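The values are calculated or read from the model by the stated rules, or taken from the named source; none is laboratory data. Please read these numbers as outputs of a predicted model, since none were measured by experiment. Don't worry about glycine lacking a Cβ; one is built from the backbone with ideal geometry, like all the others, and counts go over all protein chains shown.
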Amino acid sequence: MNTAPLYGGLEAGGTKFVCAVGTGPQDIRAETRFPTTTPHETIRKTLDFFQEQQELAGSRLTAIGIASFGPVDLHPASPTFGYITSTPKAGWQNVDLVGAIRQELNVPVGFDTDVNGAALGEGLWGAARGLDTFIYLTIGTGIGGGGMVGGQTIHGLLHPEMGHIRIPHDPQSDPYKGGCPYHGDCLEGLASGPAIEARWGTRAENLPPDHPAWDLEAHYLALALTNFICVLSPQRIILGGGVMRQEHLFPRIQAGVQKLLRGYIRARLVLDEIGEYIVPPALGERAGVLGAIALARRAAESAGLATH
C-alpha cells in the first residue's frame, strides 16, 4: 500500500465546491468542481470524490483541508467548531461541514475561511511568497478578505469580514441602495458581482471596459483597500475573484489608492511601485483549493503525521 503523504483540499464556495487531491501546485492528481446546492447533496458529492481518490491511490488521505465560505466557527473548543453559521446562503445556516467530512473519512481536518485558505496558498506558493503580513480579497458573488499577520492567518474573535466594512456611499452619484441582506450598502453590498448586475441590469462580464460601472467599482475597492492599508499595513494586497478577471480594474484601483492616501503612507511600493503592491493571485483560480491543501498539510503536521 502506498504510504506517501497525499492531501485532500476542499474549497467550499457559496456558488461551487472545488475538490482536489495532491501535495501542491505542481502535483494535483485529481480535481473536480460542482455547484453548491443543498448541504446533503453537495457534501455527499464531496465525500464520494475523496473516497474514490483513496481507492485509486490505494491508501487513505493523510489529511483534508477545508477552506469554506462563511461565516464559520474556527474555534476548536467551541461546540459548533467546523460549522457554517450565519451565512445568507439559503439552507446552509448551522451546517456541520467539518464534522460530516471527518466522521466519514476519519482523517485530520484543517479548517479556515475560503479567503484565509487562499491567502495561505498564495503565501506558500504564490504572490505573497516570502511575506509574513499581507491580505487576500476575493471580489465575486460576495466579497471576502483574509490574510496573514506575522506569518499567522487572522482569526481573533471570529475571523475577518472585510467584505462588510462600511465605506462612503453617495446616493446622489450612486442611487443603488446596496444588496447586502444584513447591511445594505457595505462594501459587499455595493461592489460584489450581484451588486454590479443589480445596479446596471446585466452581469459584470457583459459590461465593456469603458462602461461607467468600472470607475465606480474601482472607487469602492480603492476606498476599502485604503482602510485595510491603514489598519493592517500589509506588505502586499492580492485581489482575486470573478470581478477581478476584468484586468483593466487593476490600474484604476491602484491609481485610486494612491489618490486617496495622498502620499501619507511613505512606502516605496505604494508611492512608486503600486503595480507590484496590488496584484492578482499568482495561483489564479486554484488559489482557494491549493490553500485548502495547505490547510491539510498543517493539519497533518499538528497530528504528528509525515508531511513530505
Quiz item: Is it fair to say PRO171 is in a loop (DSSP other than H, G, I, E, B) and either among the hydrophobic types (A, V, I, L, M, F, W, C) or free of Cβ contacts under 8 Å to residues at least 24 places away in the same chain (or both)?
Solution: yes
Practice problem: Looking for whichever is surrounded by 22 or more Cβ atoms within 10 Å (Cβ to Cβ), touching a helix residue (DSSP H, G or I) at 6+ places or on another chain (Cβ under 9 Å) and over 29 Å from GLN172 (Cα atoms) here; the options are ALA224, ALA204, ALA287, ALA282. Which one fits? | Solution: ALA287
Exercise. Look through the stretch 57-71, keep the residues that are modelled with pLDDT under 95 and over 16 Å from VAL107 (Cβ atoms), and return whichever of them is surrounded by the fewest Cβ atoms within 10 Å (Cβ to Cβ).
Key: PRO71
Quiz prompt | Failed criterion for ALA118 (all others in (1) over 14 Å from the mean Cα position of the chain (by Cα); (2) outside the structural domain of TYR220 (by TED's automatic domain parsing) hold) | solution = (1)
Quiz prompt | Criterion violated by VAL149 - all others in (1) of a type in the set (Val, Ile, Thr); (2) in contact (Cβ under 8 Å) with a residue 60 or more places away in the chain; (3) touching a strand residue (DSSP E or B) at 6+ places or on another chain (Cβ under 8 Å) satisfied | solution = (3)
Practice problem: Among the residues of the stretch 73-126, write down those that are in contact with a Gly (Cβ under 9 Å, 6 or more places away or on another chain), in a loop (DSSP other than H, G, I, E, B) and of a type in the set (S, T, N, Q). | Solution: THR85, SER86, THR87
Quiz prompt | Single match in GLY65, GLY82 (criterion: touching a residue at least 40 places away in the same chain (Cβ under 8 Å), in contact with a Phe, Trp or Tyr (Cβ under 9 Å, 6 or more places away or on another chain) and among the small types (Gly, Ala, Ser)) | solution = GLY65
Quiz item: Got at least one residue in the stretch 162-174 being hydroxyl-bearing (Ser, Thr, Tyr), out of contact with any helix residue (DSSP H, G or I) (no Cβ under 6 Å at 6 or more places or on another chain) and farther than 23 Å from ILE278 by Cβ?
Solution: yes
Self-check item: Counted residues, the stretch 124-152 - those being buried (at least 24 other Cβ atoms within 10 Å of the Cβ) and more than 29 Å from GLU205 (Cβ to Cβ)
Solution: 0
Exercise. Could you list all residues from the stretch 227-236 that are buried (at least 18 other Cβ atoms within 10 Å of the Cβ) and aliphatic (A, V, I, L, M)?
Key: ILE229, LEU232
Quiz item: Within the stretch 237-259, is there a residue that is more than 13 Å from GLU217 (Cβ to Cβ), in contact with a Ser or Thr (Cβ under 8 Å, 6 or more places away or on another chain) and surrounded by fewer than 18 Cβ atoms within 10 Å (Cβ to Cβ)?
Solution: no
Quiz item: When the stretch 13-34 is examined, which residues are found to be in contact with a Phe, Trp or Tyr (Cβ under 6 Å, 6 or more places away or on another chain) and not in a strand (DSSP E or B)?
Solution: GLY13, GLY14, PRO25
Quiz item: Which fully enclosed helices (runs of 4 or more DSSP H) of the stretch 177-277 have 1 or more residues being of a type in the set (S, T, N, Q) and free of Cβ contacts under 8 Å to residues at least 40 places away in the same chain?
Solution: 212-232, 249-261
Practice problem: Among the numbered conditions (1) crowded, with 18+ Cβ neighbours inside 10 Å; (2) within 20 Å of the chain's Cα centre (by Cα), tell me where LEU216 comes up short. | Solution: (2)
